[in-house]
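The values are calculated or read from the model by the stated rules, or taken from the named source; none is laboratory data. All values reported here derive from a predicted model rather than from experimental measurement. When we count neighbours, we look across all protein chains shown, and the Cβ atoms used for this are built from the backbone with ideal geometry, even at glycine. The accessibility values were calculated without ligands, DNA or RNA, using every heavy atom of the protein model including side chains. Shrake-Rupley method; radii C 1.70, N 1.55, O 1.52, S 1.80 Å.
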Amino acid sequence: MYQMMLYKKLSQVRLIIFIAAFITLTGNSKFLEKTLLVYPLTENWVFICSLFAWLFVFLSALLLIFCYRHTIKPILIILLIISSIVSYAANNFGIVFDHNMIANTFETNTTEFLELVSFKSFLYLLLLGLLPSYFVIKTEITELPLQSQLWQRAKALVIMILIFSLLTIGFFKHYSSFARETNLNLYINPSYYLYSMTKYVDSKVETSTAPFQQIGLDAEINKKTNNQRLVILVIGETARMDRFSLNGYERQTNPLLAKEDVVSFRQMTSCGTDTSWSIPCMFSSLNRSSYNHKEGKNMNNALDIINGAGVEVLWFENNSDSKGVADRISYIDFKSEDVNPVCDIECRDEGMLNSLKDYIDWQSGEDTLVVMHTMGSHGPAYYKRYPSPFEVFSPACQTNQLNECSNEEINNAYDNTIVYADYVLSRLINLFKKYPAGKEIAIFYISDHGESLGESGIYLHGMPYLIAPIEQKQIAALMWFNEEFLELLDINIISEKIDLPLSHDNLFHTLLGLMNINTALYQEKMDIVAQ
Ligand SMILES: [Zn+2]
């Protein structure tokens, strides 16, 4: 087909119509699949056809407005390439490109990106992106006088608008019910990701122009003893509550933590379903219901406030980055062999422990909060997240191409990442168990979000919160205290909360509580360790 079309002369309008039809037909199989669940084909086939005609007309009209002599080819090529990738992600992982996923894509580092690359993704790119782009490049656009060009375009636009209106009126009942099925529009390619991109750019512009808000300036340390207060906050990555044997999982994924006195919370939910939303939100004084980047990233977060009160605050990074949370505090990147002593195919989370110990031994006893941002169970390449001795469950999926693995293999690989996290946390606890008296030490582990592991055909994470399955929102979280700290606490009060609904909203106040910070922003009822 491409051969036939090559070197052919086409008018701008025809080229636009051809590409709009191509993307509408090839890029929307996930949308079709989701739509058929709500509108079964036998009773609704006319409506389904009209829906695709509607999408085609809408996209054509959009392109007719934006594509001109010099912009037509670049716009069509970019659209083809992005749509092919979006199609791949939607068909294979059920990924929805909402505003947040766009942010995620822009903020993902190269290594994370490479983990999503596979032979199949290349096929999508080649067949749905590169080949049709080649056709666009090779097409010769017929040169028409400006007047007839505009006339042709106006005619096409009027026809499109007419068809669009007729379809909408003709299937009015269907379309009004379709509009209420808010979840379906998330899968429309390319309209939905184009809409999300404009929303993303819009929020970026708003964030960068909004003034920074200083809050919590009244914060001060209210020490109750002469001991040093030392809190290690470990941010887990993609760790599901139900995959910890501490929480009742039938597989032994916590063989080491099972020997420690930890309090593991079973009803903890995340603020978002991906790193770039959850991390800034969990440190923000705003709750999940009101959190937005524009406000949240533009005001002091828990770390700024605690640091402002006089606590040493450090951020150890072994994941992507702090998503802006640690912009104003000390930051050490452990993703390179120069800094991290435990690197094989990648630098390991346990490599942060030695530096942590060195730092604590070196400093002169100020109250300290260290945040360790771990690589945890980051997918889809779960098999890369643990050194080989931790491959307890096998066979484990050995590719990032999850659909090439059985569900059992995927779950084995994922569970092995939890076994490794169990080891890292237990090493951390044992490091501090041995510390001499005079330090009140607490470790708080909390994941950023959960993960879908094939439930209802959904993989990975990042679904819009409202429609995200529970697996993406229910997260692992646990606490450990050393003896000095336990003397100040009634641990039963904390243990009673393990089955109460808690969330990232509690983190802001719990950190203030753990660090003995007095400020008007602190709400005792939100503090998990409040006595
Ligand atoms: Zn994450």
(message) When the residues of the stretch 254-276 are narrowed to those that are open to solvent by less than 10 Å² (accessible area, probe 1.4 Å) and in contact with a Lys or Arg (Cβ under 6 Å, 6 or more places away or on another chain), which ends up farthest from the ligand (Cβ to nearest atom)?
(response) CYS271
(request) Look at SER121 and say whether it is under 30 Å from SER322 (Cα atoms), part of a helix (DSSP H, G or I) and in contact with a Gly (Cβ under 6 Å, 6 or more places away or on another chain). (result) no
(message) Cβ contacts < 7 Å: first residue within 16 Å of the ligand (Cβ to nearest atom), restricted to the stretch 277-296; second residue open to solvent by 10 Å² or more (accessible area, probe 1.4 Å) and among the acidic types (Asp, Glu), any location; separation 6+ or different chain. Result?
(response) ARG288/ASP505
(message) Among the listed residues ILE498, ILE467, ILE491, identify the single one that is of a type in the set (Val, Ile, Thr), away from the ligand (no atom under 15 Å from the Cβ) and open to solvent by 50 Å² or more (accessible area, probe 1.4 Å).
(response) ILE491
(message) Could you tell me how many of the residues in the stretch 427-455 are open to solvent by less than 10 Å² (accessible area, probe 1.4 Å), part of a strand (DSSP E or B) and away from the ligand (no atom under 16 Å from the Cβ)?
(response) 5
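The rows are residues; the columns are (1) under 20 Å from PRO341 (Cα atoms); (2) open to solvent by less than 10 Å² (accessible area, probe 1.4 Å); (3) not polar (S, T, N, Q).
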| position | (1), (2), (3) |
| --- | --- |
| SER364 | no, no, no |
| HIS378 | no, no, yes |
| PRO389 | yes, no, yes |
| CYS397 | no, yes, yes |
| GLU404 | no, no, yes |
| ASN407 | no, no, no |
| ASN411 | no, no, no |
| TYR414 | no, yes, yes |
(message) Can you say whether SER289 is surrounded by fewer than 24 Cβ atoms within 10 Å (Cβ to Cβ) and in a strand (DSSP E or B), as far as the supplied structure shows?
(response) no
(request) Spot the failing condition for VAL205; the list is (1) surrounded by 13 or more Cβ atoms within 10 Å (Cβ to Cβ); (2) in a helix (DSSP H, G or I), and only one is missed. (result) (1)
(request) Having 2 or more residues that are in contact with a Ser or Thr (Cβ under 6 Å, 6 or more places away or on another chain) is the bar; report the helices (runs of 4 or more DSSP H) wholly within the stretch 19-94 that clear it. (result) 41-66, 72-93
(message) Looking at the stretch 333-344 only, could you name the residues that are open to solvent by 60 Å² or more (accessible area, probe 1.4 Å), away from the ligand (no atom under 16 Å from the Cβ) and under 29 Å from ASN100 (Cα atoms)?
(response) ASP333
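Which is open to solvent by less than 20 Å² (accessible area, probe 1.4 Å) and either of a type in the set (S, T, N, Q) or not in a helix (DSSP H, G or I) (or both), of LEU233, LEU217?
LEU233
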(request) Taking SER118 as the residue in question, decide whether it is among the polar types (S, T, N, Q) and under 25 Å from the mean Cα position of the chain (by Cα). (result) yes
(message) Just to be sure before I move on: is ASN319 within 30 Å of ILE215 (Cβ to Cβ), assigned to a loop (DSSP other than H, G, I, E, B) and either open to solvent by less than 10 Å² (accessible area, probe 1.4 Å) or among the basic types (Lys, Arg) (or both) in the structure I sent?
(response) yes
(message) Any residue in the stretch 497-510 that is in contact (Cβ under 8 Å) with a residue 12 or more places away in the chain and more than 14 Å from MET241 (Cα to Cα) sitting within a Cβ distance under 8 Å of a residue that is open to solvent by 40 Å² or more (accessible area, probe 1.4 Å) and part of a helix (DSSP H, G or I)? List the pairs, counting only those 6 or more apart or interchain.
(response) HIS509/GLU524
(request) Look through GLY450, GLY365, GLY462 and report the one residue that is touching a strand residue (DSSP E or B) at 6+ places or on another chain (Cβ under 6 Å) and under 23 Å from GLU317 (Cβ atoms). (result) GLY450
